[in-house]
Each structure stands twice: as structure tokens, then as C-alpha cells.
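Colleague: Please see the structure below; I have some questions.
The values are calculated or read from the model by the stated rules, or taken from the named source; none is laboratory data. Computed from a predicted model, the values in this text were never measured in an experiment. Every residue, glycine among them, receives a Cβ derived from its backbone with ideal geometry; neighbour counts consider all protein chains shown.
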Amino acid sequence: MASASYILETSHAAIAVTESAGSGPPALLIHGNSSCKAVFRNQLDGDIGARHRLIAIDLPGHGRSSDARNPRRSYTIPGYADLAVEVMDRLGVKRFAVLGWSLGGHAAIDMLCRHDGVAGVMITGTPPVANTPESFAAGFKVSEHMGLTAKRDFTAAEAEAYARATCGGPFDPLLLDAVKRTDGRARETMFAAALAGWNADQLRIVETSERSIAVVSGGDEPFVNNDHLQSIAWAKLWEDRVHILGGVGHAPFWEAPDRFDPLFSRFLADVL
């Protein structure tokens, strides 16, 4: 049985959803900045998707979803988290896990404060930080591509560079198409909101949350400081360690599903 895709109307935007064929305990999958739900195709179409009800969404302004009706409301980490909660409520899903990648991981952390049904969160490519310049500097690496995360309009060369940097190999044209499709206001607004202090203190959330948080990071992560991840006083770190996958970049689930998926499967079994 193949996965199914449809459009769900929400207060933020018309949201494109893909559900895997499985009927087991559900998990929500949230992609990163300037990407789309298709990056989770290995999980959706693989063994995990055959067992679990995986629900992947395109965030507003991304993929096959419409642009945000109110960019100032939706194109922020709290906005994306609110949208994700609304999606699960509309689908009638009461208890679920969340896999969040990069920006999606930040939204997943925010969801811990918004929905009691979040059984646990797995983040990858996501450094929890406080709302201070010092914390941002500790969590993120300085790179030539980091500046693009907040840029509204990309040149053709910038779009390709960003697509390649965020997902590494194997490169697929869908990654570039996702970057080109993204509403540039989403990048611009998200970064402005972070500078304005609109985001929750995510460092405090992960240091106090009683729900399991799994952390998977690439050993060759280009954007996230793995030393920062190791230094956090996680309240309930899954398996009591940050899982570092050597030779992998920013998107372990895409680059090395053979190594990522066993962790994801084990996490789902533990929290659900």
C-alpha cells in the first residue's frame, strides 16, 4: 500500500500532507528551512513508514503548501509549531512523536510547550539555544551558507549552493526545486523574529522537559556545533547520549537512512 497525499485547510495556509501506509502509532515529520516533506521519502516509503503512521507536512510557504495567509504570524518558529499542533488536532491525533529536522526541530521543541500529546521529540540538525547572541554563537557554526538562511531572494547559484549544503549527498533535483519554490519571506521573517526575541528559550525547554528528546547529529555537520549539543544539561536525553553519525552532514535521515532509521525506529518504540 502506497503513501497518500492530500491538502488540509488550516488557519495558517493550505497544508500539503503525506501519510505513510502504516497504521501503527503515529509520528509527525517536520522538514527544515527552504525544504519540503519529500526529504523524508526514505522513512515514509521504508520499513518505518510501513509500520507506523508517519505524517509529513510541507510548512506554509514551502513545498506544495500555499504561502502563509499572514506571514508575520506563520513564518516564525512559534508559528510553525502552532501550525503543526493545528494539523494534528484536525487529524484527530491525540498522542504522537515528532521528528524535526533543522528548522523543523526547533518547531518540534516549541511543540513540547503547546501539546500534551507529544510523547517525545527527535531532533536532527537542530541546536537548542536561548534568546541571546552568545547562545546563538555557541549553537551554530559560522559558514558561508549560514547567511542564506535569512535571505529573502536567492540567485540561481545561491539556491543550488543552499540545496547542496543542507542535504549533502545524494543530491536530487527535488532539493533544488524545494529551495526555489520557498517563499523568500519565510526565511526573512523567521530570522527577524528570532532577532526580535519572539522565540521561546529552547535551551530552557530541553533542560526542563520531562518528555524524551532524542538527538541525532552528523559528524560533519556544517551548521550545528556538536560540542554545544554535548554540553547541554538535557532533562531527559534519550539513551543518555547525543548520537553522532560519523561522515554525515546536516541531514542524517537523507544521507544515511541505513544508520538513521534504526535509531528512529527504536525511539518510536520507546516513546509510543
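Colleague: Show the residue pairs that are 6+ apart or on different chains and have beta-carbon atoms under 6 Å apart, the first residue being within segment 31-52 and within 15 Å of GLY104 (Cβ to Cβ) and crowded, with 24+ Cβ neighbours inside 10 Å, the second being charged (D, E, K, R) and at pLDDT 95 or above.
Modeller: Short answer, once both residue conditions are applied: HIS31/LYS37; CYS36/ASP58; LYS37/ASP58.
Colleague: For segment 28-48, indicate whether the set of residues that are touching a His at 6+ places or on another chain (Cβ under 8 Å), hydroxyl-bearing (Ser, Thr, Tyr) and more than 24 Å from PHE154 (Cβ to Cβ) is non-empty.
Modeller: no
Residues are listed down the side, and each one gets a yes or a no for (1) closer than 24 Å to ASP220 by Cα; (2) crowded, with 18+ Cβ neighbours inside 10 Å; (3) touching a helix residue (DSSP H, G or I) at 6+ places or on another chain (Cβ under 8 Å):
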| site | (1), (2), (3) |
| --- | --- |
| ILE77 | no, yes, yes |
| ALA81 | no, yes, yes |
| LEU91 | no, no, no |
| PHE96 | no, yes, yes |
| LEU103 | yes, yes, yes |
| HIS106 | yes, yes, yes |
| GLY117 | no, no, yes |
| GLY125 | yes, yes, yes |
| VAL129 | yes, yes, yes |
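Colleague: When the residues of segment 209-228 are narrowed to those that are among the hydroxyl-bearing types (Ser, Thr, Tyr) and assigned to a strand (DSSP E or B), which ends up farthest from the chain's Cα centre (by Cα)? Let's see the steps before the verdict.
Modeller: Step one: list which residues in segment 209-228 are among the hydroxyl-bearing types (Ser, Thr, Tyr), which gives 209, 212, 217.
Pick out the ones that are also assigned to a strand (DSSP E or B) and you get 212, 217.
Numbers: SER212: 16, SER217: 13 Å.
If we take residues in segment 209-228 being among the hydroxyl-bearing types (Ser, Thr, Tyr) and assigned to a strand (DSSP E or B), then SER212 is farthest from the chain's Cα centre (by Cα).
Colleague: Can you tell me which residues in segment 136-155 are among the polar types (S, T, N, Q) and at pLDDT below 95? Quick ask: steps written out before the conclusion?
Modeller: Initial filter on segment 136-155 (among the polar types (S, T, N, Q)): 143, 149, 155.
SER143, THR149 - these are the residues of segment 136-155 that are among the polar types (S, T, N, Q) and at pLDDT below 95.
Colleague: Can you tell me which residue within segment 66-124, out of those that are in a loop (DSSP other than H, G, I, E, B) and β-branched (Val, Ile, Thr), is nearest to LEU229 (Cα to Cα)? Outline the logic, then answer.
Modeller: Going through segment 66-124, the residues in a loop (DSSP other than H, G, I, E, B) turn out to be 66-70, 75-76, 91-95, 102, 112-117.
Then drop every residue that is not β-branched (Val, Ile, Thr), which leaves 76, 93.
Working: THR76: 23, VAL93: 30 Å.
Filtering first and then ranking leaves THR76.
Colleague: Which count do you get for residues in segment 16-56 that are small (Gly, Ala, Ser) and more than 18 Å from the chain's Cα centre (by Cα)? I'd like the intermediate steps shown before the answer.
Modeller: At the first step, the residues of segment 16-56 found to be small (Gly, Ala, Ser) are 16, 20-24, 27, 32, 34-35, 38, 46, 49-50, 56.
Next cut, more than 18 Å from the chain's Cα centre (by Cα) only: 21-24, 46, 50.
Counting residues in segment 16-56 that are small (Gly, Ala, Ser) and more than 18 Å from the chain's Cα centre (by Cα) gives 6.
So that you can scan it fast, the table gives a plain yes or no per residue for (1) in a loop (DSSP other than H, G, I, E, B); (2) surrounded by 20 or more Cβ atoms within 10 Å (Cβ to Cβ):
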{"site": "GLY169", "(1), (2)": "yes, no"}
{"site": "LEU174", "(1), (2)": "no, no"}
{"site": "VAL179", "(1), (2)": "no, yes"}
{"site": "GLU207", "(1), (2)": "no, no"}
{"site": "GLN230", "(1), (2)": "no, no"}
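Colleague: In this structure, does TRP198 turn out to be over 23 Å from ILE48 (Cβ atoms), touching a residue at least 60 places away in the same chain (Cβ under 8 Å), among the aromatic types (Phe, Trp, Tyr) and not in a strand (DSSP E or B)? Can you show your working first?
Modeller: Values: over 23 Å from ILE48 (Cβ atoms): yes; touching a residue at least 60 places away in the same chain (Cβ under 8 Å): yes; among the aromatic types (Phe, Trp, Tyr): yes; not in a strand (DSSP E or B): yes.
Criteria met by TRP198.
Colleague: May I pose another question? Just wondering, is there one or more residues in segment 215-228 that are at pLDDT 95 or above, surrounded by 19 or more Cβ atoms within 10 Å (Cβ to Cβ) and of a type in the set (Asp, Glu)?
Modeller: Within segment 215-228, one or more residues are at pLDDT 95 or above, surrounded by 19 or more Cβ atoms within 10 Å (Cβ to Cβ) and of a type in the set (Asp, Glu).
Colleague: Suppose we keep only residues that are among the charged types (D, E, K, R) and in contact with a helix residue (DSSP H, G or I) (Cβ under 9 Å, 6 or more places away or on another chain) within segment 26-60. Which one would you say is nearest to PRO262 (Cα to Cα)?
Modeller: ASP47
Colleague: Taking LEU268 and the conditions (1) more than 25 Å from GLY49 (Cα to Cα); (2) touching a His at 6+ places or on another chain (Cβ under 8 Å), which numbered condition does it fall short on, given that it satisfies the others?
Modeller: (1)
Colleague: Quick test for you: out of PHE191, PHE260, pick the one residue that is more than 25 Å from ARG152 (Cα to Cα), among the hydrophobic types (A, V, I, L, M, F, W, C) and either part of a helix (DSSP H, G or I) or modelled with pLDDT of 95 or more (or both). If you could, list the steps in order and put the result at the bottom.
Modeller: Numbers: PHE191 fails: more than 25 Å from ARG152 (Cα to Cα).
Sole residue among the options that is more than 25 Å from ARG152 (Cα to Cα), among the hydrophobic types (A, V, I, L, M, F, W, C) and either part of a helix (DSSP H, G or I) or modelled with pLDDT of 95 or more (or both): PHE260.
Colleague: Now, a different point. Which count do you get for residues in segment 163-209 that are within 26 Å of ASP82 (Cβ to Cβ) and not aromatic (Phe, Trp, Tyr)? Give the derivation first.
Modeller: Quick first cut of segment 163-209, residues within 26 Å of ASP82 (Cβ to Cβ) only: 166, 178-179, 181-209.
Restricting the remaining residues to those that are not aromatic (Phe, Trp, Tyr) gives 166, 178-179, 181-190, 192-197, 199-209.
Residues that pass the stated criteria total 30.
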